[in-house]
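Structure first, commentary second.
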Amino acid sequence: MPRILMTGAAGGIGTSLRKLLPPIYPDLLLSDLKAPADLGKDEKFKAADLADLAQVEAICEGVDGILHFGGYSVEGPWDSILQSNIIGGYNLFEAARKKGVERIVFASSNHAVGFYPRHHRIGTDVTARPDSRYGVSKVFGEAVGALYADKHGLGVTCIRIGNFGEMPLDHRRLSIWLKPEDLVQLCRIGLDHPDIHFEIFYGASHNERAWWDNHRAYELGYRPTGRGEDFREHAMAEQAKLKPDPVGDYYQGGTFCSMEFDGDKDRIVDWSKR
Ligand code: 15L
């Protein structure tokens, strides 16, 4: 029975996956800076600060596979991103290598490629176009993952998560929604599929308005059960409450693109003609 470590156990995704994973991976070790308030008596937890290599090595002891959801999950000040995602991300891969962990599933994000326009369908092999310091940290994590796969033989899967939750929250999220059970499927492929060396998937359910070519995930057995369009009315009603955002509405990354934006808005039109 493999021992699986899940970092970020107290975060949004971690909280949901704590309930879905135990039937599949009964030997599940949870980690975060602090224990979740509702930690059950059957759950195993070890605290660790990702920015401290010795603490990360301690949680990797005896582990076969890691689901890495820890770190800063939105745009933030550079120092927070640096400690949690850049140093923390490196520490995670390095500790895993030292402790002989075989598989890592890294929670990357759509914000690694958020500056692609919405009308542009992209695969997983496009040049990174991060939309934030957070997005840059996800590009960094994918790069470290590739290095540790190619140089050290770890099996690494990066999931560029769209928007995780019970339903799409607005117009943009109709294209990028990820149902919790579908994320579990992608994690299982990353942890268990025999052909994993280094893979990038988009973390999206079956969304008719998808901007992403996710064929590799399907080749490896992904069969999402969530359909964004089933929640169309709800998402559009929520969208109607939002103010227009010329930059965010044009690019895939939404508000991550428009926050702090002081670039040339005319490029929004020109970019698409290239
Ligand atoms: C993300 O990467 C964030 O973690 C999440 O909070 C959402 O902002 C999501 O992207 C999104 O793009 O909707």
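The values are calculated or read from the model by the stated rules, or taken from the named source; none is laboratory data. Values in this document were obtained by computation on a predicted structure and should not be read as measured data. Methodologically, a virtual Cβ is constructed for each residue, glycine included, from the backbone with ideal geometry; neighbour enumeration extends over all protein chains shown. Surface areas here come from the heavy atoms of the whole protein model, side chains and all, with no ligands, DNA or RNA. Shrake-Rupley method; radii C 1.70, N 1.55, O 1.52, S 1.80 Å.
For the reader, a short list of remarks on this structure follows.
- Volume per residue of the C-alpha convex hull in region 194-242, rounded to whole Å³: 89 Å³
- Inter-label distance for ASP266 and ASP230, nm, one decimal - labels placed 7 Å from Cα along Cα-to-Cβ: 4.7 nm
- Formal net charge of residues neighbouring PHE231 (Cβ-Cβ distance under 11 Å; K, R +1; D, E -1): -2
- Pairwise label distance in nanometres, LEU20 with PHE198, each label 7 Å out on the Cα-Cβ vector: 2.7 nm
- Whichever lysines have a C-alpha closer than 20 Å to that of LYS19, once near sequence neighbours (fewer than 8 apart) are set aside: LYS34, LYS41, LYS44, LYS46, LYS179
- Whole-angstrom gap from region 189-230 to region 243-262, using each part's C-alpha centre: 26 Å
- Taking the charge dipole of region 4-273 about its Cα centre, with +1 at Lys and Arg Cβ atoms and -1 at Asp and Glu Cβ atoms, the residue from GLY11, TYR25, ILE268 reaching farthest to the positive side is ILE268.
- Region 1-61 - percent of accessible surface contributed by carbon and sulfur, probe 1.4 Å: 58 percent
- Region 139-274: relative contact order as a whole-number percent, Cα under 8 Å and 6+ apart: 24 percent
- Rg(Cα)/(2.2 N^0.38 Å) for region 4-273, N = residue count: 0.98
- For region 1-57: span of alpha carbons on each principal axis (Å, largest first): 31, 26, 20
- Think of each Lys and Arg Cβ as +1 and each Asp and Glu Cβ as -1; about the Cα centre, that makes the dipole of region 1-139 roughly 340 debye.
- Amide H partners (placed H, <5 Å) of PHE198, local residues excluded: VAL156
- Estimated at 0.36 nm per residue, the fully extended path between VAL74 and VAL126 surpasses their Cα-Cα distance by 16.5 nm.
- In the chain, helices alone account for a calculated mean residue ellipticity at 222 nm of -9500 deg cm²/dmol, with every DSSP H run of four or more residues adding -39,500 (n - 2.57).
- Reach of LYS138 by Cα under 12 Å, taken over aspartates and glutamates that are not fewer than 8 positions away in the same chain: GLU75
- C-alpha center-to-center spacing [region 145-161, region 72-101] in angstrom: 14 Å
- ASP64 paired with ARG188, simple spin-label distance in nm, labels 7 Å along Cα-to-beta-carbon: 1.5 nm
- Contact order for the chain, expressed relative to its length and based on alpha carbon pairs under 8 Å spaced 6+ residues apart, stands at 16 percent.
- Taken about its Cα centre, the chain carries a charge dipole of roughly 200 debye when the Cβ of each Lys and Arg holds +1 and the Cβ of each Asp and Glu holds -1.
- A full extension of the chain between MET1 and GLU219 corresponds to an added length of 75.9 nm, given 0.36 nm per residue minus the alpha carbon distance.
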